[in-house]
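Worksheet: the structure to be examined is printed underneath.
The values are calculated or read from the model by the stated rules, or taken from the named source; none is laboratory data. This structure is a prediction, so every number in the text was calculated from the model and none was measured. Cβ coordinates were reconstructed from backbone atoms using ideal geometry, including for glycine residues, and neighbour counts include every protein chain displayed. Remember, those area values only see protein heavy atoms, side chains included, never the ligands or the DNA or RNA. Shrake-Rupley method; radii C 1.70, N 1.55, O 1.52, S 1.80 Å.
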Amino acid sequence: MCPQCTLYFSRKDVSVSTITQTTALDVRPLAGHIGAEISGIDLSSDLDDATIAEVRQVLLRWKVAFFRGQSIGHAEQISFGRRFGKLTPAHPFEDAPPEGFPEILPIDSRRYEAKFGKKKATYDNGWHTDVTALVNPPAGSILRAEIVPPYGGDTAWTNLVAAYEGLPAPLRALADQLRAKHSFGSLGRSAAAGSDYAQKIAANPLVAIHPLVRVHPETGERALFVSPSFTGHDSEIIGLSKRQSHRILDLFYEQVARPEYTVRFKWEPGDIAFWDNRATAHLGPSDLDHLDFDRVLYRITLEGDIPVGPDGQPSELIEGQPFLGN
């Protein structure tokens, strides 16, 4: 464990200046509950195991790590990601990754018109944890900015552990007992009717039942595991009616989106965000559609494990297959 993280986990009252000065990396927290910028590291280089271990511990502590001004391409991004686990293909429904790089998902405003049927600078699917309709959602994601607008286009992340811990005790106890269906249906409806993308989703439904609270496999922390994009319109809490489900889920959605649990990041070309998908949700920008700006980023994802709830019960596969990497 990195010196920074040893100090943090042993002394919760220690100051930020104390916990950042003993590590070889320069780690600067950006918000009270989530987000830290790591400098003094070149992601294009062959990083040693100790440095990778430090990055992992910063990620576990702060949930999302940011690296500014990195001069890397697809190959270097993939090489860096493989140091943390197996990489999956770009996305369950992606069929046009950059040639020779099947792991890369382009987040590209120039592609969205064909996919969603109208001019869009971004695809806004609200607060979400990536692809929780899978029985094994990604463990983490690494997003690299290539083209960014001169203003606007920020991304926000929220700490689902802090959101859970901030609930009143009766709501925590309730959440610990519940399980919900996650599906890809609402995102399919956003696609242009009859488009290849809509047809792919219809032909390969993804549905899983997950605990509303998942226990993090590395830290043991409990995280509020709701993802409005996937536990929304088509989904329900098991054992409750849809009306009851939506009312209860709305309480948890409000908790996830509370500003004090979030960090907002302003992108520059070459910036990289690396987040723990098991403990965060994120919100893409929705402030660019009226502006004539391109926005191009590239994402890779780490193969995830099957979530487990506080009762020790794992998630249940309903439709689709586990999404595996190599």
- Query: Scanning for something charged (D, E, K, R), modelled with pLDDT of 95 or more and either in a strand (DSSP E or B) or closer than 30 Å to residue 99 by Cβ (or both), does region 48-55 turn up at least one residue?
  - Reply: no
By residue number, the members of region 24-47 that are part of a strand (DSSP E or B) and open to solvent by less than 30 Å² (accessible area, probe 1.4 Å) are 27, 29, 36, 38
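Of the residues 314, 307, which single one is more than 30 Å from residue 72 (Cα to Cα), buried (at least 20 other Cβ atoms within 10 Å of the Cβ), at pLDDT 95 or above and of a type outside the set (Asp, Glu)? Talk me through it step by step, then tell me what you get.
Details: 314 fails: buried (at least 20 other Cβ atoms within 10 Å of the Cβ).
Selected residue: 307, the only one of 314, 307 that is more than 30 Å from residue 72 (Cα to Cα), buried (at least 20 other Cβ atoms within 10 Å of the Cβ), at pLDDT 95 or above and of a type outside the set (Asp, Glu).
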Selection from region 207-224 of residues of a type in the set (A, V, I, L, M, F, W, C), outside any strand (DSSP E or B) and either open to solvent by 10 Å² or more (accessible area, probe 1.4 Å) or more than 16 Å from residue 132 (Cα to Cα) (or both) yields none
Subset of region 290-326, residues closer than 29 Å to residue 80 by Cα and outside any loop (DSSP other than H, G, I, E, B), comes to 296, 297, 298, 299, 300, 301, 302, 308
Of (1) in contact with a helix residue (DSSP H, G or I) (Cβ under 9 Å, 6 or more places away or on another chain); (2) open to solvent by 10 Å² or more (accessible area, probe 1.4 Å); (3) outside any strand (DSSP E or B), residue 287 satisfies every one except (1)
Over region 290-301, the set of residues surrounded by fewer than 24 Cβ atoms within 10 Å (Cβ to Cβ) and either more than 17 Å from residue 109 (Cβ to Cβ) or free of Cβ contacts under 8 Å to residues at least 40 places away in the same chain (or both) is 290, 292
In region 290-326, residues that are among the β-branched types (Val, Ile, Thr) and touching a Lys or Arg at 6+ places or on another chain (Cβ under 6 Å) total 0
